Amino acid sequence: MSVKVVVSNTVALNGGDAAILLALRHVLKKHLGDRLDLTVFDSQPEVASRLYPELDFRQLLYENTTWRPELNDIDNRYVRYLLRETSKIANPFRVWLALYLWKEVEEEAARLFLTSNEWESLQIYASADVIISTGGTYLVDYYFLEPRIFDYQIAHFFDRPLVFYTQTAGPFETPRYRRALRSIMNRAQLILLRDEESADNLRDIGVTDTPLVVAADAVFSLAEPDDLEAARDRTYPLEDRPRVAVSVRHWPHFQNRSTEEGMRKYRESIQSAVHHLAEHHNAKIKFVSTCQGVQEYRNDDAQVAQRIADCLPDEIRSAVTVDASFHAPTDLKEEIKSYDFVVATRMHMAILGLVAGTPVLPIAYEPKTTHLFRKMGLGEWVTSIETIDPSFSDKVDQFIEQIDSLRNLMIDGADKERQQADLAAQQLGEVFRKIGVESESSTSKQA
């Protein structure tokens, strides 16, 4: 008998989010085996299906049920604006009216007010055994949270068990978000968090009725103990010339600098470090990241990388490659094994490096990266994107001097995080057992 699982709030065009999704599917397959019937609700399902054809994607509920009428044929811009703004109010009202009829009258009455896609999506939610809000960093105040809140409210409307996979959450200052998330999360089955600060942020808004469990990022579930042990035997450099992978990104949320000034200093610092690596360490450098090569996604790290590479002198440029291709996270993890170390701005590029057994020099754009490396006892190696400057090259030198000992420390840390990710998986297994779904191993033993 199949077990229907919904994973919601994914953005699979972001390679880090895709890594979380693949790790979560890996965990679910270990629990449920061939019984797993998985549906993923994503922001851009058509493109995600092309990138990951093995998964069943559908449009996020909020986007599906708050569609806007086609207004291009209306010449009067004031009329277009009025109709567009009216639809923002009318569509959610229409959906909630349909759900009221669903519960108080009959399902077929609700169908009169829903499109076929809305009807099919709501049926999937209504019949799900468990709904899992994917892991990541999207429950923070500077993001628009209405789509997430809508999703959780639908899950509770159908009285489906709701699980939050490993999150970085808060802090929350917006009163609307505080009220809504307090109500939603106090009705959840389980909330998994990546750090204690996130747990404190949820306690601050009054989440007291649901277990708050601090565990590791889901992507550590992809770590293989044998791979980590084998990586201990590597020495620097792996080949005649060191090979370094560099992950960069655009960042629009600087706290103490304008975006333009912050990005300029960041690019200059990376440019200086790459120049230094090529000139003084005879290194070959490849710019590669988790968010690239997908035209339909709003961010392409290869564009930032190309801008940095174009500023390098010709004699250095020959040692530098910009990889602009798309890489699935599991493929990227395998590639990272061939590098001596990774300079990682994207957090999940850093995690893929760690699970590959490759040393990582991290640049933090959000606290989540700092929390992770501090947790592993490696906080001194984190550089903030807020304060980075060309002296970052000195830290690169220090990192290389200690790289063989750091490799073992990072492998130890990655293995502990893997075990913490297993704890999250066990907690999820408890939710399944609570609703009467045994794990694959238990089912096999009974047979």
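The values are calculated or read from the model by the stated rules, or taken from the named source; none is laboratory data. Predicted, not measured: the structure shown is a model, and the values here were computed from it. Cβ sites come from the backbone with ideal geometry, for glycine too, and all protein chains shown count toward neighbours. Accessible surface areas use protein heavy atoms only, side chains included; no ligands, DNA or RNA. Shrake-Rupley method; radii C 1.70, N 1.55, O 1.52, S 1.80 Å.
Worth a mention:
- Dividing the C-alpha radius of gyration of segment 226-342 by 2.2 N^0.38 Å, with N its residue count, gives 1.14.
- Positive dipole terminus of the chain, leading residue within VAL6, MET376, ILE316 (C-beta point charges): VAL6
- Here the Kirkwood formula, the inverse mean of 1/r across different C-alpha pairs, assigns segment 9-54 a hydrodynamic radius of 11.0 Å.
- The long axis of helix 259-281 is offset from the longest Cα principal axis of the chain by roughly 40 degrees.
- Pairs of Lys in segment 307-443 closer than 21 Å at Cα, counting only those 8 or more apart or on different chains: 7
- 0 to 90° range, to nearest 10: angle between helix 77-104 axis and the chain longest Cα axis: 60
- Sequentially through segment 18-30, phi angles give Karplus couplings (6.51, -1.76, 1.60; θ = phi - 60°) of 5, 4, 4, 4, 5, 5, 5, 4, 4, 5, 5, 5, 5 Hz, Gly and Pro residues having no value and appearing as x.
- Per-residue [θ]222 nm for the chain (sum of -39500 (n - 2.57) over DSSP H runs n ≥ 4, rounded to 500): -15500 deg cm²/dmol
- Tensor-based shape of segment 167-261 (alpha-carbon gyration tensor, a/c under 1.5 rounded, otherwise prolate or oblate): oblate
- Between the amide H of GLY206 and any residue lying 5 or more places away or on another chain, no distance stays under 5 Å, with hydrogens modeled in the peptide plane.
- All Cα pairs of segment 308-386, percent lying beyond 16 Å: 57
- Gap separating the Cα centres of segment 363-429 and segment 94-112, nearest whole Å: 50
- Compared with the dominant principal axis of the Cα atoms in the chain, helix 403-434 is inclined by about 10°.
- In order through segment 127-142: 3J(HN,Hα) via Karplus (6.51 cos²θ - 1.76 cosθ + 1.60), integer Hz, x for Gly, Pro: 9, 5, 6, 8, 10, 10, 7, 4, x, x, 10, 10, 9, 9, 5, 7
- With distances taken between every two different alpha-carbon atoms, the chain has a Kirkwood hydrodynamic radius of 23.4 Å.
- Under the Karplus curve 6.51 cos²θ - 1.76 cosθ + 1.60, θ = phi - 60°, whole-Hz ³J(HN,Hα) for segment 208-214, x wherever Gly or Pro sits: 10, 9, 10, x, 9, 10, 8
- Cα-based shape type of segment 162-211, given that a ≥ b ≥ c are square roots of the gyration tensor eigenvalues and the cut on a/c is 1.5: oblate
- With every protein chain in place, the chain: carbon and sulfur % of accessible area (1.4 Å): 47
- For the chain, the dipole from Cβ point charges (+1 on Lys and Arg, -1 on Asp and Glu) about the Cα centre works out to 860 debye, to the nearest 20.
- Residues whose amide H falls under 5 Å from that of THR321, counting only those 5 or more places apart or on a different chain, are ILE285, LYS286, PHE287, with hydrogens built in the peptide plane.
- Per residue value of the accessible surface for the chain (all protein chains in place, 1.4 Å probe), Å²: 44
- Among the chymotrypsin sites (Phe, Trp or Tyr not before Pro) in segment 344-439, none is located in a DSSP loop while being surrounded by at most 12 other Cβ atoms within 10 Å of its own Cβ.
- Segment 211-262: C-alpha gyration tensor shape, a/c 1.5 cut-off, then a/b vs b/c: oblate
- Convex hull of alpha carbon positions in segment 292-429: directionally averaged projected area 10.0 nm².
- Distance between the pseudo-spin-label points of ASP404 and LYS30 (7 Å out from Cα toward the beta carbon): 3.3 nm.
- Compared with the alpha-carbon gap, the fully stretched path from ALA90 to LYS434 is longer by 120.0 nm at 0.36 nm per residue.
- FRET efficiency, GLU386 to ARG298 (Cβ-Cβ, R0 25 Å, nearest 0.05): 0.65
- Rounded to the nearest 20 debye, the dipole size of segment 286-342 about its Cα centre is 120 debye, using +1 on the Cβ of Lys and Arg and -1 on the Cβ of Asp and Glu.
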